[in-house]
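**Student:** One structure follows; several queries about it will come next.
Just so you know, all these numbers are worked out from the coordinates, no wet-lab data involved. Because the structure is a prediction, the values reported are computed rather than measured. Here the Cβ is made from the backbone with ideal geometry for all residues, glycine too, and neighbour counts use every protein chain on show.
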Amino acid sequence: MATIASQIPKNLPFRYRIVCKKISGKASASKSLDASHRVPEFGGFDGQSSYGDVRIGWSTNGLLIQVEITGKQKSLWCRETAILESDGLQVWVDTRDTHNIHRASKFCHWFVMLPTGGGGGKKTKAIDTMLKINRSREDSPTMNRHPVSVKASTSKTGYKMSCFIPDKAMHGWNTDEQRDIGFNFALIDSEFGWQTLAIGPEMPISEDPSLWQTLSLRE
């Protein structure tokens, strides 16, 4: 019994509601989020190391997510041909905040952003894509129709990345009627491992919306 209990994530019985502050004016990847937009670190309850600073803001025209990673001793590993294994950010959004389903609906979205790895030669650029969610009942009609805007800068010890997901890329986005959305993220780093909002990769967070948390869009 003790062995089974030790395998259950400590965050599994909880659903976190995170307040997301509004950005003045229209959001874009060029805007900067201050410390009041920093996301709480719940993954530590399950032994995750919080190596990245993650901040989120919203506007009627979309979501802005910014990450900063420092202290790396190894080079970034980003490959356009292996985006799920690459260093970068993955984000899940459910514009209906539905937690009683285990298969994604058309309101669920999966975005992947890498700070580098795109293009050819030495001039590599950031990568953004939207992926189909495994076992989804219905794919979002916005699938890769509206690109995420990504701005990134890299250094020998890490990177900064600003990702703006436009409202048109998220089916059902309507901040006048829906101020709570299902949300999850995962920072993946070949040196530091996984940093998630709460539950880690030991559970099927990439396909099960019931494992995502709630982002509460507030003024």
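**Student:** Using the Cα centre as the reference, give the magnitude of the dipole from point charges on the C-beta atoms of the chain (Lys, Arg: +1; Asp, Glu: -1; all else neutral), rounded to the nearest 20 debye.
**Tutor:** On the way: 28 positive and 23 negative charges, 117 e Å.
My answer is approximately 560 debye.
**Student:** Okay, moving on. Add -39500 (n - 2.57) for each DSSP H run of 4 or more in the chain, then divide by its residues: what number comes out at 222 nm, to the nearest 500 deg cm²/dmol?
**Tutor:** So the calculated ellipticity at 222 nm is -500 deg cm²/dmol.
**Student:** What are the residues whose amide H is under 5 Å from the amide H of V19, where those residues sit 5 or more places off or on another chain and H is modelled from the backbone?
**Tutor:** Amide H neighbours of V19, under 5 Å, 5+ apart: S216.
**Student:** Now for a separate question. How big is D for region 152-219, in µm² s⁻¹ as a whole number, if Stokes-Einstein is applied with the Kirkwood radius of its Cα pairs at 20 °C and 1.002 mPa s?
**Tutor:** 148
**Student:** Students often check this: by mean Cβ neighbours within 10 Å, which of 126-132, 17-23, 87-93 ranks highest, and how do the rest follow?
**Tutor:** Details: 126-132: 19.3, 17-23: 16.4, 87-93: 24.6.
Put in order of decreasing packing, that is 87-93, 126-132, 17-23.
**Student:** Kirkwood hydrodynamic radius, computed over distinct alpha-carbon pairs, for region 13-218: how many Å, to one decimal?
**Tutor:** Hydrodynamic radius (Kirkwood, Cα pairs) of region 13-218 is 17.0 Å.
**Student:** Hey, can you grab everything whose amide H is under 5 Å from the amide H of S190? Only 5+ residues off in sequence or another chain; H modelled, so Pro and N-termini drop out.
**Tutor:** Correct list: W77, D87.
**Student:** Applying the Karplus parametrisation 6.51 cos²θ - 1.76 cosθ + 1.60 with θ = phi - 60° to the phi angles of region 15-25, what ³J(HN,Hα) value in whole Hz is obtained for each residue in order, glycine and proline being reported as x?
**Tutor:** Per-residue couplings from phi come out as 10, 8, 10, 10, 6, 10, 7, 6, 9, 5, x Hz.
**Student:** Using the per-residue mean of other Cβ atoms lying within 10 Å as a proxy for protection, in what order, highest first, do the peptides 142-154, 57-69, 183-195 fall? Display every interim value, and only then the final one.
**Tutor:** Numbers: 142-154: 17.0, 57-69: 22.0, 183-195: 20.0.
Peptide ranking by packing, descending: 57-69, 183-195, 142-154.
**Student:** Under a cut-off of 16 Å between alpha-carbon atoms, report the lysines in cross-link reach of K72, not counting same-chain residues fewer than 8 places apart.
**Tutor:** K156, K160
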